[in-house]
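In what follows, a structure is listed as structure tokens, so that the remarks can point back to it.
What follows is calculated from the coordinates using simple rules that are stated; it is not laboratory data. The model shown is predicted, which means the values in this text are computed figures rather than measured ones. Quick reminder, even Gly has a Cβ in these numbers, built from the backbone with ideal geometry, and neighbours come from all protein chains shown.
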Amino acid sequence: MRATEIMMEEHRAIERVLSSLERATLRLGRGDEVYLRFFSGCSAFFRGFVDGYHQKKEEQFLFPALVNNGLPKESGPIAVMLAEHAQGRYLAQLLGSATIQLQTGDLRRREQVINSAAGYIKLFRQHIYKEEKILSPLAEKVIPLEQKERINLSFESMQYEEMGEEVHEKYFSLAERLQMESVR
């Protein structure tokens, strides 16, 4: 499987969590009873899978290959992606900390949970769109075949050696569990 195909497969898991988060956030906004640990699970998914695994591969392997093949890092698509990664890290951290405070009874954090969740959802839906419609086709066009093969090997090495063979299963299972918990 090509690196861009791997990224798109991971995007589908991220989108499932985004949709689940959207459902739970709407329910929380209406004042419905919501399983608050769900929001902590989403934050953990975003920090562990999206940032610590998915974006790490982009930042360590895919983006440098694009830069080595003529794309600027300080402007254009790569700069936008990196800025959105940073914003996503901030929103995931904010969602996690606000959820913890809400769970301990600080009801003023309810709006912060809703706003950080809504911000993350909007950001990453747009981010995934840009990656799939702009960055991936660009990568397929400008990165030579031998570099693509090295990127593929680097992705596999990260998945199986650095992160452990079960990383995909762990986070894809978490995405499924979060889907079920979003309606609790």
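Number of residues in segment 65-91 that are under 17 Å from residue 136 (Cα atoms) and either among the basic types (Lys, Arg) or buried (at least 17 other Cβ atoms within 10 Å of the Cβ) (or both) equals 9. Against the criterion of being assigned to a helix (DSSP H, G or I), among the β-branched types (Val, Ile, Thr) and free of Cβ contacts under 8 Å to residues at least 40 places away in the same chain, residue 67 qualifies. Restricting segment 137-149 to residues that are assigned to a helix (DSSP H, G or I) and in contact (Cβ under 8 Å) with a residue 24 or more places away in the chain, the residue that is surrounded by the fewest Cβ atoms within 10 Å (Cβ to Cβ) is 140.
The listed residues are 61, 49, and the only one of them that is among the aromatic types (Phe, Trp, Tyr) and more than 22 Å from residue 93 (Cβ to Cβ) turns out to be 61.
If you go through segment 27-51 and keep only what is surrounded by fewer than 15 Cβ atoms within 10 Å (Cβ to Cβ) and part of a helix (DSSP H, G or I), you end up with 30, 37.
Could you look through segment 1-37, keep only residues that are of a type in the set (S, T, N, Q) and under 20 Å from residue 177 (Cβ atoms), and pick out the one that is farthest from the chain's Cα centre (by Cα)? Of everything passing the filter in segment 1-37, 25 is farthest from the chain's Cα centre (by Cα). Taken over segment 106-136, the criterion of being free of Cβ contacts under 8 Å to residues at least 24 places away in the same chain, under 20 Å from residue 27 (Cα atoms) and either in a helix (DSSP H, G or I) or touching a Leu at 6+ places or on another chain (Cβ under 7 Å) (or both) is satisfied by 107, 108, 109, 111, 112, 115, 122. One residue stands out in segment 81-105 among those that are part of a helix (DSSP H, G or I) and polar (S, T, N, Q): the one that is nearest to residue 41 (Cα to Cα), namely 99. Across segment 83-105, a minimum of one residue is classified as under 23 Å from residue 12 (Cβ atoms) and among the basic types (Lys, Arg).
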